[in-house]
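The structure appears right after this line, and notes come after that.
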Amino acid sequence: MLEADKVFSDSIPEIYDRYLVPLIFEAFAADLAGRVAASRPGHVLETAAGSGVVTRALAPLLGPDARYVASDLNQPMLQRAIDRQGKDKRIDWRQADALALPFDDASFDVLCCQFGVMFFPDRVAGYREARRVLKPGGRFLFNAWDAIEHNDLARMVTDAAAKIFPTDPPRFLARTPHGYHDVAAIVDDLRTADFVDIEVETLARPSTAPGPRDPAIAYCQGTPLRNEILARAPAGLGEVTDRIAEAIAAACGDGPVSGKVQAHVVVATV
């Protein structure tokens, strides 16, 4: 992962939340929230909360006396989540590094992380922190995207970008969001962090958009792929977005767009 892969700044949080969240995140957020709530936890920690899609799905499922800490390393993304959530006395918003959590040992019943572990510079260290702050019997739930070949729109965008920049293709999507997809490697990292009871389920869901321009904007302007495009074409973000929208239209038509998204859901118990 490159350092720029972690930069969610400028208008990225707003575009990410408006376009990318409904395109690929909402269905998995609902699934993860249901799994977290199933054990009726009293104390929940969410890391890499992003713009708050899991927080919005999970908060209504928790009890009135639950304590819910929603955290993210990136303050602009966290602020977007705060602005969207509305007042809830059970939720404590914290800017925090998942690799150095500012919480006591054995503080939480559940820790959840929606599509964040791929961005950890040291995943084993992040998993050890998760284990440290969980109570005995606590659960660590997270998901990670499967390989880009199993995620249709991300693959289309990456292939189209490679044709636009053939000598230096932008590889953010394949490198980072879809770069941690090997189940054996995920399980091995968790075992290295001293998790023993580990379950992995691979889920496929539909990804739909009103038209080809929506996924083009979502990926080109609402993710750090934007940074790679601007590095290659400082004044060309709009043109590149248009050309990628045309490539998606060539594959899917000018009307509503549909594809598959696929991810691994992991539950590790202390």
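The values are calculated or read from the model by the stated rules, or taken from the named source; none is laboratory data. What you are looking at is a predicted structure, and each value in this text was computed from that prediction instead of being measured. All Cβ positions, glycine included, derive from the backbone under ideal geometry; neighbour counts span all protein chains shown. With ligands, DNA and RNA removed, areas are computed over all heavy atoms of the protein, side chains included. Shrake-Rupley method; radii C 1.70, N 1.55, O 1.52, S 1.80 Å.
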Give, as a single signed number, the net charge of other residues whose beta carbon lies under 10 Å from the beta carbon of residue 153, with Lys and Arg counted +1 and Asp and Glu -1.
0
With angles folded into 0 to 90 degrees, how steeply does helix 152-164 sit against the dominant principal axis of the chain? Use alpha carbons for both and round to 10.
40 degrees
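What 222 nm value per residue comes from the helices of the chain, counting each DSSP H run with n ≥ 4 as -39,500 (n - 2.57) and dividing by all residues, nearest 500 deg cm²/dmol? Intermediate values should be presented prior to the final figure.
Working: 11 runs with 104 residues, N = 270.
Calculated mean residue ellipticity at 222 nm is -11000 deg cm²/dmol.
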If amide H atoms are modeled at 1.01 Å from N in the peptide plane, then the residues at a separation of 5 or more from residue 260, or on another chain, having amide H under 5 Å from its own are 152, 153, 207
Surface per residue (accessible, 1.4 Å probe) for segment 77-143, Å²
44 Å²
Whole-percent carbon and sulfur share, accessible surface of the chain, 1.4 Å:
49 percent
Per residue convex hull volume, Cα only, the chain, in Å³ is 114 Å³
With label points built 7 Å along Cα→Cβ from the Cα atoms of residue 188 and residue 27, find their separation and express it in nm.
3.1 nm
Among 185, 59, 245, which one shows the biggest mean-square fluctuation in a GNM of the chain, springs joining Cα atoms closer than 10 Å?
185
